[in-house]
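Participant: Quick one: structure below, then a few questions.
The values are calculated or read from the model by the stated rules, or taken from the named source; none is laboratory data. No experiment lies behind these values; they were computed from the predicted model shown. When we count neighbours, we look across all protein chains shown, and the Cβ atoms used for this are built from the backbone with ideal geometry, even at glycine. The accessibility values were calculated without ligands, DNA or RNA, using every heavy atom of the protein model including side chains. Shrake-Rupley method; radii C 1.70, N 1.55, O 1.52, S 1.80 Å.
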Amino acid sequence: MTAQAPISAPRLIDGPDTAPATLLLAHGAGAPMDSPFMVAIATGLAAAGWRVVRFEFAYMARMRETGRRQGPDRMPVLQEAFREQVRLEKSASPEWPLFIGGKSMGGRVASLLVEELAASDGVRGCLCLGYPFHPPGKPLQLRTEHLAALTTPTLILQGERDSFGRREEVEGYSLSPEVQLGWIPSGDHSFKPTRRSGLSEAENWATAVAWSDGFLRGVLGG
């Protein structure tokens, strides 16, 4: 039985209708689609000329309505919600290039689906912002098996000191040649740098936008 997901998930859309492609962007486990991080990435890419569609998983929409925190739905439900958003985009604009991605958990869901959706819906690539390579403090519980087999272009942007996968850990993993890694200097899981680095959170978010913009353009131009 296929997991059910609501079609009417909350959405936010930034960027011009004349953009060269759409990026469908999902939030992380604990913060909604309009968190400061998500706003910065979406509006930054919109300013660079991309159409960015943010959507909310059902559990997060329920949290917004009730004000009560709850954990994410199970992975099959999250995946079906993402598929539904892809179907919605492709039904409206079948020939418009589409990328998928997300913050942390949202990026993980996208990465688990990108091969399937590349084959079925022509999705062009995947963008992961702070990938949860393993739970914090549990470096042996890796979530990397599918990343070794990807054939669809994927960019993972990771803070150098991310507790879900620090640079010295991640650089030892076996990843597909189609997976690019971009390192956000001194960044944590949301790319916030240390004070000692001399960088600001806004500067690191801008760095992430620039990396993402270059990746999207490179895939379309390749």
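Participant: Rolling a 1.4 Å sphere over the protein heavy atoms, what is the accessible area per residue of the chain, to the nearest Å²? Could the numbers behind the result be given before it?
Facilitator: Values: 10050 Å² over 222 residues.
For the chain, the solvent-accessible area averages 45 Å² per residue.
Participant: Compute the signed sum of charges (Lys and Arg +1, Asp and Glu -1) over the other residues within less than 12 Å, Cβ to Cβ, of PHE82. Intermediate values should be presented prior to the final figure.
Facilitator: On the way: positive: ARG83, ARG87, ARG108; negative: GLU56, ASP73, GLU80, GLU84, GLU89, GLU116, ASP121.
Once all neighbours under 12 Å are counted, the net charge is -4.
Participant: So what does the Cα-only Debye profile of segment 107-222 read at q = 0.23 Å⁻¹, as log10 I(q)/I(0), no solvent term?
Facilitator: -1.32
Participant: In segment 137-192, what trypsin sites (Lys or Arg not before Pro) fall in a loop by DSSP, with at most 13 other Cβ atoms inside 10 Å? Before the final figure, lay out each step's value.
Facilitator: On the way: sites: ARG143, ARG161, ARG166, ARG167; in loops: ARG143, ARG161, ARG166.
Filter output for segment 137-192: empty list.
Participant: OK, next. Sort VAL39, VAL114 by heavy-atom solvent-accessible area, probe 1.4 angstrom, most to least.
Facilitator: Numbers: VAL39 55, VAL114 0 Å².
Reading off the accessible areas and sorting them downward yields VAL39, VAL114.
Participant: Quick one: work out the % antiparallel among DSSP beta bridges in the chain, nearest 5.
Facilitator: Taking every DSSP beta bridge with both residues in the chain, the antiparallel ones total about 15 percent.
Participant: How do 85-93, 65-73 rank on mean C-beta neighbours within 10 Å, highest first?
Facilitator: Values: 85-93: 15.7, 65-73: 10.4.
Most protected by this proxy first, the peptides run 85-93, 65-73.
Participant: Moving on. Percent of accessible area on the chain owned by carbon and sulfur, 1.4 Å probe? Can you show the working numbers first?
Facilitator: Numbers: 5360 of 10050 Å².
That fraction is 53 percent.
Participant: Could you give the DSSP H helices of the chain that reach 15 angstrom or more along their long axis (alpha carbon positions) and whose average Kyte-Doolittle hydropathy is no lower than -0.5?
Facilitator: Numbers: long enough: 36-47 (16 Å, 1.81); 75-92 (26 Å, -0.47); 105-121 (22 Å, 0.57); 201-221 (30 Å, 0.14).
TM-like helix candidates: 36-47, 75-92, 105-121, 201-221.
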